[in-house]
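For reference, the structure discussed in these notes is given below.
The values are calculated or read from the model by the stated rules, or taken from the named source; none is laboratory data. These numbers were taken from a predicted model, which means no experiment stands behind them. As a convention, Cβ positions derive from the backbone with ideal geometry for all residues, glycine included, and neighbour counts pool all protein chains shown. Surface areas here come from the heavy atoms of the whole protein model, side chains and all, with no ligands, DNA or RNA. Shrake-Rupley method; radii C 1.70, N 1.55, O 1.52, S 1.80 Å.
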Amino acid sequence: MVVMSLLRPAFGQCARAVLLRGSVVASRPPTTVVLRQMGSHNQMQVVPSGFEWARWKDSLHFYLFLGFAPMGLLILYCNLFIGQAELADIPEDYEPMPWEYYKGPIERWFARYIYEYPEKRYERTLHVLWEESEKRKIRKLEKQVKVLMHDRQDYKGWYYTPVDKWRIEQAEKAQRHWQDDATGTRIP
């Protein structure tokens, strides 16, 4: 932040003149200047402050260098000390990983830790396509069942689940037996 503040007197006025030369501000007619009378002979011209503009520029440069300097050093290190991948024969029993196909070390890192594998993306796409085809088959079957129910005047829905009658008979038999024991009479 201090660097830009030191360079402001040298480059600030030149940059402001270049920026304002083609802008709308330069094409306006001259306006009256606001003056403040301070006593009998002192006058102060009232102008907008440049503090916020300088602070914004200083912050911008600070955060740009905060991000770009480490990235530049990382790229320089990778290109000088690691280097590009070299093409070599693949042994018979070795299957290369997907990130080993990239040439640069940064690309390989991104392919290994950030991006997903192409096989995973392919399998996920196949699964989505399979699910959609199953849904289409089920919708077609439901439509066919509803048409048949309407044609045959069927009172049972396609969702009807038949119940085993044996359990119902056993429950009725147990109820009769319980009633016989309670009243002492025999119910046929």
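Annotations
- Scan of the stretch 84-110 for residues that are within 17 Å of LEU74 (Cα to Cα) and out of contact with any Lys or Arg (no Cβ under 8 Å at 6 or more places or on another chain), ordered by number: LYS103, GLY104, PRO105, ILE106, GLU107, ARG108, TRP109, PHE110
- For ILE114: the one exception among (1) open to solvent by less than 70 Å² (accessible area, probe 1.4 Å); (2) at pLDDT 90 or above; (3) under 30 Å from LEU76 (Cβ atoms): (1)
- On inspection, GLY12 qualifies as at pLDDT below 75, surrounded by 10 or more Cβ atoms within 10 Å (Cβ to Cβ) and over 30 Å from TRP99 (Cβ atoms).
- Selection status of SER59, of a type in the set (Gly, Ala, Ser), surrounded by 10 or more Cβ atoms within 10 Å (Cβ to Cβ), over 30 Å from TRP99 (Cβ atoms) and modelled with pLDDT of 90 or more: yes
- Selection status of GLU172, open to solvent by 70 Å² or more (accessible area, probe 1.4 Å), out of contact with any strand residue (DSSP E or B) (no Cβ under 7 Å at 6 or more places or on another chain) and free of Cβ contacts under 8 Å to residues at least 12 places away in the same chain: yes
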